[in-house]
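Take a look at the structure below.
Derivation of every value follows stated rules applied to the coordinates shown; laboratory data play no part. It should be emphasised that the depicted structure is a prediction, and the values quoted were computed from it without experimental measurement. Cβ atoms come from the backbone with ideal geometry, glycine included; neighbour counts cover every protein chain shown.
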Amino acid sequence: MQLVTNVISGSGAQRLLLLLHGFGADESDLGGILPYLDPEGRFAAVLPRAPERVEGTPGYSWYPMFGDTDPRAGFADALDALDDLLDASCLERGFARADAVVAGFSQGGGLALALGLRAGAASPASSAYPAGVLAMSPALPGLDLVGGDASSPPVLVQHGTHDPLVPVQRSRDLARELRTRGVPLVYGEYPMEHQVALESLQQAKEWLDRVVAGERPDEAVPEDPVEVVPSVTTASWEQEVLRSDVPVIVDFWAPWCAPCRQVSPVVEQIALMRQGAYKVVKVNIDDEPTVAQQYGVQSIPMIGLFRNGRLERSSLGAKPRQQIEAELGMLVIP
């Protein structure tokens with residue numbers, strides 16, 4: 001697999017940085033973060049283009065994600081091609097693979113992890129781990145595709161708490177799994193969607209400085225934050241909602257729904273202000289279509305008030321707290 005690549009290199013570059021873009025993007029996508037990651041110009045940045053054109057977008061994909069095609073086969077092919085590219089790029093510039101850093105976002109983040117933690121690849125040069133792996137909002141077809149042990153390079157995993165495409169819980173679970181394997185790991189999450197932010201880049205720069213200095217940063221993964229508005233599934237619906245001793249406010253939402261994300265902080269505020277008098281939960285209609293169909297949820301966000309096992313009232317759309325409470329028949333709190 002021949003990959004189109006863009007190379008950005010300063011005159012004093014002494015190491016390689018392989019930057020892998022995400023689904024629907026191209027080789028220029030991550031170039032904008034280089035001034036934040038490497039203002040000193042220590043790295044020659046190699047930015048390859050994924051091989052598969054994504055219809056309806058100007059970008060590309062590393063492997064098929066939708067339809068009947070098994071993503072694992074395409075993932076393995078892309079991984080082999082990137083392994084070869086890493087070797088060839090280091091050889092061409094006279095850099096050691098062991099000094100390189102592999103980084104990526106989304107699809108590219110998952111591939112960066114698999115590539116950086118890969119052992120025993122085909123070519124002799126590939127037996128050397130890179131110096132570090134930066135995985136930003138990584139997307140993976142499965143955790144079993146990623147290796148890792150105590151001899152692996154240090155890893156930084158970052159994710160947005162409001163990511164509508166790749167749930168943040170996946171990266172939390174991934175980070176904990178890697179630490180159980182002995183991989184030196186730092187985990188960071190930020191109040192952002194499927195993107196990078198200035199704060200995440202600042203953390204990445206500090207981590208990269210430590211890796212270049214020969215350190216192997218390793219920190220405990222923080223406990224999952226307690227959800228103010230917990231999720232309810234089809235299996236727990238009857239117990240948590242229909243049999244509840246107190247009225248239940250249900251936020252019907254979906255990750256792709258922008259108004260849902262707008263109203264989410266309002267629902268959290270209601271949950272905090274109404275503790276004891278009301279239970280507040282949420283239902284992802286993509287994950288729980290049976291519940292959504294049962295109550296005729298056709299437009300979201302829909303905030304429903306359930307009492308004694310019945311849907312009494314509902315409020316549609318993103319609105320201020322007082323308006324939602326009024327439409328649900330609640331005594332409005334100033």
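Tabulated values for the structure
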| item | result |
| --- | --- |
| Label-reachable residues, segment 253-268, where backbone N falls under 16 Å from a point 7 Å from residue 228's Cα toward its Cβ | 260-268 |
| Crossing angle, helix 168-180 versus the chain [Cα axis fit, 0-90 degrees, rounded to tens] | 50 |
| FRET efficiency, 1/(1 + (r/R0)^6) with R0 45 Å, evaluated for residue 149 and residue 243 via beta carbons | 0.45 |
| Cut-off 16 Å, label 7 Å out along Cα→Cβ of residue 180, residues of segment 199-227 by amide N | 221-224 |
| Simple spin-label estimate for residue 256 and residue 195 in nanometres, 7 Å along Cα-Cβ | 2.0 |
| Residues of type lysines that residue 319 reaches as a straight line, Cα spacing below 29 Å, ignoring anything fewer than 8 places off in the same chain | 279, 282 |
| Average Cα contact separation per residue, the chain, under 8 Å, 6 or more apart, as relative contact order % | 11 |
| Solitary cysteines of the chain, where the nearest other Cys Cβ is not under 4.7 Å | 90 |
| Residue 294 paired with residue 70, simple spin-label distance in nm, labels 7 Å along Cα-to-beta-carbon | 3.6 |
| CD proxy at 222 nm, helix term only [per DSSP H run n ≥ 4: -39500 (n - 2.57); per residue of the chain; nearest 500] | -9000 deg cm²/dmol |
| The chain: most fluctuating residue of 248, 101, 157 per GNM, C-alpha cutoff 10 Å | 248 |
| For the chain, built as a Gaussian network whose Cα springs stay under 10 Å, the top-fluctuating residue of 207, 253, 237 | 237 |
